[in-house]
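In what follows, a single structure is set out as structure tokens and then discussed.
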Amino acid sequence: RSEVWDVLANATAESFRYIGTPAKNVICGKSDAQHWTETQKDLCELGISGDKFLQMMRALCVVMQLGNIIFGPDPANDDHTIVSNTDELEKLSEIMGMPASLLNAALTERTMTARGESHKVMLKVRQAMDARDALAKEIYARLFDWLVKFINAATLGEKQNDNEHSYRNIGLLDLFGFEAFDVNRFEQLCINYANEKLQYKYARDNFRSLQEEYEAEGIDLFDFASVDNSSILNLIESRLGLFAVLNEECVLPNGNAKSFVYKAKKVHKDQPALVKKLLHGPSEFGIKHFAGDVVYDASEFIACNKDSISVDLIECASKSSNSLISDEFIKLSNEKKELSQVKGRRGAIFNQMTCTKFKSQVTSLMAVIDQSRTQFIRCIKPNKSMKPYVTDHTHTLVQLSSAGLLTAITIVRESYPDNLLYDEVFDRFQCLVPIAVSSDTNLKDQVSTLLSTVLDGMEKAVGSKMSYPFALGKT
């Protein structure tokens, strides 16, 4: 550990505020140290070793150390902010490879430009904390993307061979599950939106074709609206959806959560998927997701959607001696400069919003999935304690309901397992009828007589209607 950074020699998880005390030290019978040894070996096989490995690990250390920076009001001026623990700032300066004075200025000041003139504005404590967290998240996000691209490039079959064979792909998508907590924020909305998109795909693949077939045959079976979540997707992603309303609010000088929620409820006042209750706070709204109702707290939606990192922090990180960090932030700086020169800048700004980028990524993912043969695997965790041979029935049923499986099972049970043409049915099963079926009637009536005789007594009353074990379509 000291080879990465000497501060790690005597450090524990509790030494870094972003990490804190881990819930478990042993997972699947192995300690974190054992898991790390295997991870390091795997990274080495992919080509991440030597200086490249050290740069990656030191970038992670920068993220962890940023969480240790504490801010407080300047004793000389309550409107100004200072770093309270300068010893931690010195450690951050060391691992980033740059003067502490530059870091201090970037974390406590912001450059504002108006009418072509720039001036420095001192940040308040809360603003400085947000700036620190924004920098940490940006470094981590770009490090994650770098690692994914590196792994993809290292495992790409086409580049491992000189011949020009065509390759087929088997893709595995491990999606985060539907989330509903006591307090649901912007992250939960994005996660649940992605789940809604996949649920739509699942319903379309498994039930939409069945619905179209039944309608073509003139068979009135049941209402497929119970699995159709298109109204929820329209609420979130349409031209006037929640994401669009949020983006508009983010570009306003005084945009805030209460205004966003008010506008969203006004625009979608007739939308049944939007939950509107008098007990909701001014920054709260609910959505009737396929897995259940979820109430969202929008108080941090504006800040999360902007996800803006100041020019000061970008320029500061670009000067880091860590080439991985500096290269990524130089790219980010160039992106910002190009954005400022784009005509129709409002649309370009919207494209930089978190929800727009997330929506674009999900749309691209669904385009890839639509071109493939999809198999769905629903994973159910039998208990929260991760013990073998133990099933928590309540916990399991909640997951089944949240995954939409109970609704799917209901539809499958109400539909018919076999689909046969009339001549097939008559040829195969007429031997079961103890009486001769008149050949004077048309084939459909003959099959009706045959099945009514064979399946006599299997019908049942469902409400005011009778449910029969078969249905006769046009063919």
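The values are calculated or read from the model by the stated rules, or taken from the named source; none is laboratory data. These figures come from a predicted structure and were not determined experimentally. Cβ placement follows ideal geometry from the backbone for every residue including glycine, while neighbour counts extend to all protein chains displayed. Just the protein is used for accessible areas: all its heavy atoms, side chains included, with ligands, DNA and RNA removed. Shrake-Rupley method; radii C 1.70, N 1.55, O 1.52, S 1.80 Å.
Yes/no per residue for (1) more than 21 Å from Asn77 (Cβ to Cβ); (2) of a type in the set (Asp, Glu):
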site: Glu88; (1), (2): yes, yes
site: Lys91; (1), (2): yes, no
site: Ile95; (1), (2): yes, no
site: Leu102; (1), (2): yes, no
site: Thr108; (1), (2): no, no
site: Thr113; (1), (2): yes, no
site: Glu117; (1), (2): yes, yes
site: Val121; (1), (2): no, no
site: Arg126; (1), (2): no, no
ask   = Hey, among the residues in the range 49-72 that are touching a residue at least 60 places away in the same chain (Cβ under 8 Å) and in contact with a strand residue (DSSP E or B) (Cβ under 7 Å, 6 or more places away or on another chain), which one's least open to solvent (accessible area, probe 1.4 Å)?
value = Ile69
task = Return the total of residues in the range 301-314 being in contact (Cβ under 8 Å) with a residue 24 or more places away in the chain, assigned to a helix (DSSP H, G or I) and in contact with a Leu (Cβ under 9 Å, 6 or more places away or on another chain).
result = 5
query = From the list Ser101, Ser84, which one is over 21 Å from Arg17 (Cα atoms) and either in contact (Cβ under 8 Å) with a residue 12 or more places away in the chain or open to solvent by 60 Å² or more (accessible area, probe 1.4 Å) (or both)?
reply = Ser101
ask   = Restricted to the range 223-270, and to residues that are among the aliphatic types (A, V, I, L, M) and outside any helix (DSSP H, G or I), which residue is nearest to His289 (Cα to Cα)?
value = Leu240
request  = Output the qualifying pairs, or none if there are none: Cβ atoms under 7 angstrom, residues six or more apart or on different chains, first residue in the range 24-48 and open to solvent by 80 Å² or more (accessible area, probe 1.4 Å), second residue among the hydroxyl-bearing types (Ser, Thr, Tyr).
outcome  = Asn25/Ser31
request  = With the checklist (1) in a loop (DSSP other than H, G, I, E, B); (2) under 27 Å from the mean Cα position of the chain (by Cα) in hand, flag the one item Asp418 doesn't pass.
outcome  = (2)
request  = Report yes if Gly281 is in a loop (DSSP other than H, G, I, E, B), small (Gly, Ala, Ser) and either open to solvent by less than 80 Å² (accessible area, probe 1.4 Å) or modelled with pLDDT under 95 (or both), otherwise no.
outcome  = yes
inquiry  = Report every pair of residues separated by at least 6 positions or lying on different chains whose Cβ atoms are under 7 Å apart, first residue within the range 320-334 and not aliphatic (A, V, I, L, M), second not in a helix (DSSP H, G or I).
reply    = Ser320/Gly97; Ser320/Met98; Ser321/Gly97; Ser321/Met98; Asn322/Gly97; Ser326/Lys319; Ser326/Ser320
query = Does at least one position in the range 288-300 carry a residue that is crowded, with 18+ Cβ neighbours inside 10 Å and part of a helix (DSSP H, G or I)?
reply = yes
